[in-house]
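Before any comments, here is the structure.
The values are calculated or read from the model by the stated rules, or taken from the named source; none is laboratory data. The shown structure was predicted, so the numbers you read here are calculated from the model rather than taken from an experiment. Here the Cβ positions follow ideal geometry from the backbone for every residue, glycine too, while neighbour counts run over all protein chains shown. The accessibility values were calculated without ligands, DNA or RNA, using every heavy atom of the protein model including side chains. Shrake-Rupley method; radii C 1.70, N 1.55, O 1.52, S 1.80 Å.
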Amino acid sequence: MGMTRRAAVLAGLAATATATATATATAGHAAPRAPRAVTTAGLVVGRRQDGINVFKGVRYGAPTRRFQPPQPPTPWRDPAPAFDFGAASPQRGDEPSQSEDCLFLNVWTPGLDAGRRPVMVYIHGGAYSSGSGSDPLYDGTRLATRGDVVVVTLNHRLNALGYAYLARLAPGFEDSGNVGQLDLVLALRWVRDNIAAFGGDPDRVMVFGQSGGGAKIATLMATPAAQGLFHRAATMSGQQVTASGPINATTRATTWLKALDLTPDRAHEAATLPIERLLEAQGAEDPILGYGGLYFGPVLDFRSLPRHPFYPDAAPQGLTIPMIIGNTREETLGFMGNDPKNVGLTWEALPARLSPGVMRIDITPEAVIAAYRRMHPDWSPDQVLIAATTAGRSWRGAVIEAEERARADAPAWVYQLDFPGTTASGRKGAFHTADIPLVFDNVSAPGSRTNGPGAQTVADRMSDAFIALARDGDPNHAGLPRWDRYELPTRQTLLFDVEPRMANDPRGDERAFFSAIPYIQPGT
């Protein structure tokens, strides 16, 4: 049987790589040869760093067309250097190196042999609006070394560029509300087709992500185009119970266009405006939430996303995927702990701090305060503020997802991080993002606020649990107590601390109180 065109291209590139390696050896270079891998688009050359092969800025998609689905990259003939991170999606803030040409990923691998190692693909957070895969906390060196796994991080389109829903306003933008998610699908297809060349196993791909990254993963579990592209999942303080409805998403798009001085019938002009204007217009008040800037996230468009991820139940597509669902005990300390308004908080001032825009559910501050003073009479106003906003706003989605998985008898292991980090203002607690350096085994990396005595012990256990899930589909390993699957009504949860322990229904009184209040995913 003759070779297919793709096989012929790969064979030719492999021959080129071999010839180049031979020439290098003949030339007598003393330095070790740079690692090389053949992808479906061409040869890439990385670096050997700290005993690991590192490839940064590998292109997985062509330069993007604004508001259009992504396309695979055009093949290249010459070896492509993969020494530096690729550009991040344009965004507000100080993320370096931004460009609409942002479909790049990074690979850390112990070897380029045929080892078929488990693959751990990290999807960054940032609430669909900011971030990139190049944060020092996401460096995959220690995780790849520790677990003999291949680690991948990536960039994709964010904010309005990835999620502005123009389908009901102008022809030709039918997929615009989910192109950021379609970027992730394309990246996972790249992993499926290429990761073996980096020593990875395309049949053991785990996605994991924190905050917005976890929400993106929950959404992928309801996205038909992503089916079969990953085989395990772990979400860290990130959930997506419901997507943005198409009518609300259209209302947001119309508000955004108005901030751009465009009427709905001129929506197509947004495809040609300077990127700076698009980003600035996102600061308009959200017409659905009634506060903050415009929310842009996945849309129930009945094209790429035909249903909500966890409403009215867990999407059947993801039920066979073993999953970790985690949160931190004091999630909102990461948002509110540095706010001067919360210093020396009194009972008289607390109701104003529990406004609807803070709680994000329809309940009066007085009812919340009364419930907590009844449940925990020894707590201070500050403790009630952090606990209530965590339980009612940040933790609710994780509880819903875990319970829906349990009802479907789908494998899920739930954790709560109890080990404290230190906020910028010096406050201690297990705040939002505190688990990132622990899972990556990067407690000493720049930007880590989860360090100090005991941090490495917790990192050893958490990173090994994630590695075990990637390898075996089960997070249990020798360093942990038996981590039982989450079931109803026991709600078994692993509390990660220097001495980890299992608990049934931790914070059950808070969970029960808020379960009586209808929950609508912020942004829906």
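Could you give the distance between the Cα centres of segment 158-222 and segment 390-437, to the whole Å? One Cα centre to the other: 23 Å.
Amide hydrogen proximity for residue 83: with H placed 1.01 Å from N in the peptide plane, the residues at 5 or more positions away or on another chain lying under 5 Å are 56. Using the 1.4 Å probe convention, the accessible area of the chain works out to 39 Å² per residue with neighbouring protein chains retained. Each Lys and Arg contributes +1 and each Asp and Glu -1, all at the Cβ; summed about the Cα centre of the chain, the dipole is approximately 1000 debye. Note on residue 216: lysines with a C-alpha under 23 Å away, same-chain residues under 8 apart excluded, are 56.
Using a cutoff of 8 angstrom between alpha carbon atoms and counting only pairs six or more residues apart, the relative contact order for segment 279-353 works out to 11 percent.
Among the chymotrypsin sites (Phe, Trp or Tyr not before Pro) in segment 100-138, none is located in a DSSP loop while being surrounded by at most 15 other Cβ atoms within 10 Å of its own Cβ. Nearest 10 degrees is fine. How inclined is helix 179-194 to the longest principal axis of the chain, computing both from alpha carbons? That helix lies at roughly 40 degrees to the long axis. Helix 455-472 axis versus longest C-alpha principal axis of the chain: approximately 60°, rounded to the nearest ten. Dividing the Cα radius of gyration of the chain by 2.2 N^0.38 Å, with N the residue count, gives 0.98. Any chance you could check the Cα centroid distance between segment 249-273 and segment 459-524 for me, in angstrom? The two parts, judged by their Cα centres, are 42 Å apart. Sites listed here are trypsin sites (Lys or Arg not before Pro) in segment 417-513 whose DSSP assignment is loop and whose Cβ has at most 12 other Cβ atoms within 10 Å: 482. Helix 365-375 and the longest principal axis of the C-alpha atoms of the chain enclose an angle of approximately 90°. At an R0 of 22 angstrom, the distance between the Cβ atoms of residue 460 and residue 47 translates into a FRET efficiency of 0.20. Restricting segment 153-215 to trypsin sites (Lys or Arg not before Pro) that sit in a DSSP loop and have at most 13 other Cβ atoms within 10 Å of their own Cβ leaves nothing. Per-residue ellipticity at 222 nm, computed for the chain from helices alone with -39500 (n - 2.57) per DSSP H run of at least four residues, works out to -8500 deg cm²/dmol.
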